[in-house]
Amino acid sequence: MEETEQRNGQAQGNNKEEIPEEPKKKKKKDEIVAELQQSVAEKEGELKELNNKYLYLNAEFENFKRLKAKEKQDILKFGNETLIMELIPVIDNLERALDHVEKTDESKGILEGVQMTLNSFLKVLERAGVERVEAVGKKFDPNFHEALFQEEREDVEPDTVVSELQKGYLLNGRLIRASRVSVSKKPDIE
């Protein structure tokens, strides 16, 4: 009888062992599934992070390309600024020579030659993107004019440019030299 009980016990024990094995296998399957889900979630997080980094770098690269394109455009537009700055005083000297010759009535041939030289020189600069700043008769603008002194004038409104001592120039719309001017003011009443 003991043997029978032992066999039954073993049989029951075997049954007991088999029953716990099934949940163990289920736990293992559940654990594996949970681990895989966790791993997939981690990989999705890494993928999302890498995608965000990619988008950020792509945006930075696009900004960099735009910046370099603008720099290139500025170099093309304003690369000859130094040369033009050195040429503008030549124009000033030609204009002074013309003024002097006009006042003396001598050497009309020289006057015409200098005038032709000045005109052709101005046309070359114009093709390079240089234009003069209009000043006389305009309202004083500190962005384009440099006031050297004021003149009391009743015939024009105050803060109007009445004479230009040195012409101003723009290169492709950018001021490279301000006009040096005289500005009107109301006469002092005594």
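The values are calculated or read from the model by the stated rules, or taken from the named source; none is laboratory data. Computed from a predicted structure; not experimentally measured. Backbone-built Cβ (ideal geometry, glycine too); neighbour counts: all protein chains shown.
Return the residues of segment 84-99 that are loosely packed, with under 14 Cβ neighbours inside 10 Å and either touching a helix residue (DSSP H, G or I) at 6+ places or on another chain (Cβ under 9 Å) or more than 19 Å from SER179 (Cα to Cα) (or both); say none if nothing qualifies.
Selection gives VAL90 alone.
Would you be able to tell me the number of residues in segment 98-116 that are part of a helix (DSSP H, G or I) and either among the hydroxyl-bearing types (Ser, Thr, Tyr) or in contact (Cβ under 8 Å) with a residue 40 or more places away in the chain (or both)?
Filtering segment 98-116 for residues part of a helix (DSSP H, G or I) gives 98-104, 108-116.
If we keep only those that are either among the hydroxyl-bearing types (Ser, Thr, Tyr) or in contact (Cβ under 8 Å) with a residue 40 or more places away in the chain (or both) too, we end up with 104.
Residues flagged as part of a helix (DSSP H, G or I) and either among the hydroxyl-bearing types (Ser, Thr, Tyr) or in contact (Cβ under 8 Å) with a residue 40 or more places away in the chain (or both) within segment 98-116 amount to 1.
Which one is farthest from the chain's Cα centre (by Cα), of the residues in segment 119-178 that are crowded, with 18+ Cβ neighbours inside 10 Å and of a type in the set (Gly, Ala, Ser)?
So the residue we want is ALA135.
Residue by residue through segment 117-141, note down the ones that are part of a loop (DSSP other than H, G, I, E, B) and aromatic (Phe, Trp, Tyr). So that I can check it myself, show each step before the final result.
Step one: filter segment 117-141 for residues part of a loop (DSSP other than H, G, I, E, B), giving 128-129, 134-138, 140-141.
Listed by number, the list holds a single entry, PHE140.
Exactly one of these conditions fails for PRO158: (1) in contact with a strand residue (DSSP E or B) (Cβ under 9 Å, 6 or more places away or on another chain); (2) in a helix (DSSP H, G or I). Give me its number.
(2)
Under 8 Å between Cβ atoms, which residue pairs at least 6 apart in sequence (or on different chains) link something in segment 140-157 that is assigned by TED's automatic domain parsing to the domain that holds VAL183 with a partner that is among the aromatic types (Phe, Trp, Tyr) and in a loop (DSSP other than H, G, I, E, B)?
Here the result reads ALA147/PHE140, each pair linking segment 140-157 to a residue that is among the aromatic types (Phe, Trp, Tyr) and in a loop (DSSP other than H, G, I, E, B).
May I ask you to list the residues in segment 132-180 that are under 20 Å from PHE121 (Cβ atoms) and β-branched (Val, Ile, Thr)?
Answer for segment 132-180, where residues must be under 20 Å from PHE121 (Cβ atoms) and β-branched (Val, Ile, Thr): VAL133, ILE176.
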